[in-house]
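Student: I have a structure I would like to understand better, so I am pasting it below and will then ask my questions one at a time.
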Amino acid sequence: MSNTNILYQHGTLALLVPGLLDGTITMKELLRHGDTGIGTGEGLDGELVILDGTPYQVDSNGSVNIVKDDFTLPFANIHFGSYQPLTSVDGISQKELEEKILSLTSTNTFFSIELHGQFTNVKTRAVKKSHKPYDTLAKTAESQSIFEKDTVTGTLLSYYSPEIFDGAAVGGFHHHFLSDNHDFGGHLLSLGTASGDVKLQQFDTLEQHLPVKNQSYMDFDFSGEDILGDIHKSE
Ligand SMILES: [Zn+2]
């Protein structure tokens, strides 16, 4: 039996900041820990959305690809999907959506939101893969492509992290998007309005997996870095 109370996280956002962008887990291994998730590829190779066990990558050309088992990632969140209905929304803004979700659930634990429906003015980004030696997250993220759709039907997949876990994750929401016809998606920058059924899955356990076989990570000195400051600039 898969445990639907566990959020599995590989890597942390903090290790991306100074440019520790090696792929340190394979998709095959990641999918042992869930069927629903988000992440990025080695060298910030696009934005991942995993739905029903299928790993979709939105690359910097805006193409949506299904990645293979040997695709590697420096960072990912994944869990076994078991969502409960939370509420329905009809044409509300991103701010109203987030406030509504937060008013209906506790902000002191990790949770995921899945919203399938109709969206307007959706703006996403995907970064172009960089190669070693890696630059910082902020520098690498400068080579991002931005995509926009006026109206689109799709799935908004989001994770919420409590502010007290800022650093391991970014406190607050992290949204990724994938259109139903798999021609648009990525890391969500903004949306105009959202309509559809909002589903919630709350976790009681964060399983934090670290890349201990990656020498660059194990030897890195984080003491001189303004990790939190840089995370907030980049995300
Ligand atoms: Zn993202």
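The values are calculated or read from the model by the stated rules, or taken from the named source; none is laboratory data. A quick note: this is a predicted structure, and the numbers were derived from the prediction, not measured. Here the Cβ is made from the backbone with ideal geometry for all residues, glycine too, and neighbour counts use every protein chain on show. With ligands, DNA and RNA removed, areas are computed over all heavy atoms of the protein, side chains included. Shrake-Rupley method; radii C 1.70, N 1.55, O 1.52, S 1.80 Å.
Student: Can you find a residue in the range 137-147 that is part of a loop (DSSP other than H, G, I, E, B), modelled with pLDDT of 95 or more and of a type outside the set (F, W, Y)?
Tutor: Looking for residues that are part of a loop (DSSP other than H, G, I, E, B), modelled with pLDDT of 95 or more and of a type outside the set (F, W, Y), one finds none in the range 137-147, hence no.
Student: Kindly provide the set of residues from the range 174-191 that are surrounded by 18 or more Cβ atoms within 10 Å (Cβ to Cβ) and within 13 Å of the ligand (Cβ to nearest atom), ordered by number.
Tutor: Passing the criteria: H174, H175, H176, F177, L178, G185, G186, H187, L188.
Student: With the structure loaded, tell me whether L200 is under 19 Å from I38 (Cα atoms), more than 16 Å from the ligand (Cβ to nearest atom) and at pLDDT 95 or above or whether it fails that test.
Tutor: Against the criterion (under 19 Å from I38 (Cα atoms), more than 16 Å from the ligand (Cβ to nearest atom) and at pLDDT 95 or above), L200 qualifies.
Student: Let me ask another. For the range 83-118, give me the residue count where each residue is more than 19 Å from S179 (Cα to Cα) and surrounded by 14 or more Cβ atoms within 10 Å (Cβ to Cβ).
Tutor: Looking only at that region, the number is 11.
Student: Between a residue in the range 179-204 that is among the charged types (D, E, K, R) and any residue that is open to solvent by 40 Å² or more (accessible area, probe 1.4 Å), which pairs come within a Cβ distance under 7 Å, given they are 6 or more apart or on different chains?
Tutor: D180/T153; D197/P85; D197/S88; D197/H116; K199/Q84; K199/P85; K199/L86; D204/N5
Student: Next question, about the same structure. Just the residues that are buried (at least 17 other Cβ atoms within 10 Å of the Cβ) and either touching a Lys or Arg at 6+ places or on another chain (Cβ under 9 Å) or without any contact (Cβ under 8 Å) to a residue 12 or more places away in the chain (or both), please, taken from the range 119-136.
Tutor: Passing the criteria: F119, V122, T124, S130.
Student: Right, another one. Looking at (1) within 21 Å of I146 (Cα to Cα); (2) at pLDDT below 95; (3) more than 15 Å from the ligand (Cβ to nearest atom); (4) not polar (S, T, N, Q), which is the only condition V17 fails?
Tutor: Tallying (1) within 21 Å of I146 (Cα to Cα); (2) at pLDDT below 95; (3) more than 15 Å from the ligand (Cβ to nearest atom); (4) not polar (S, T, N, Q), V17 fails exactly one: (3).
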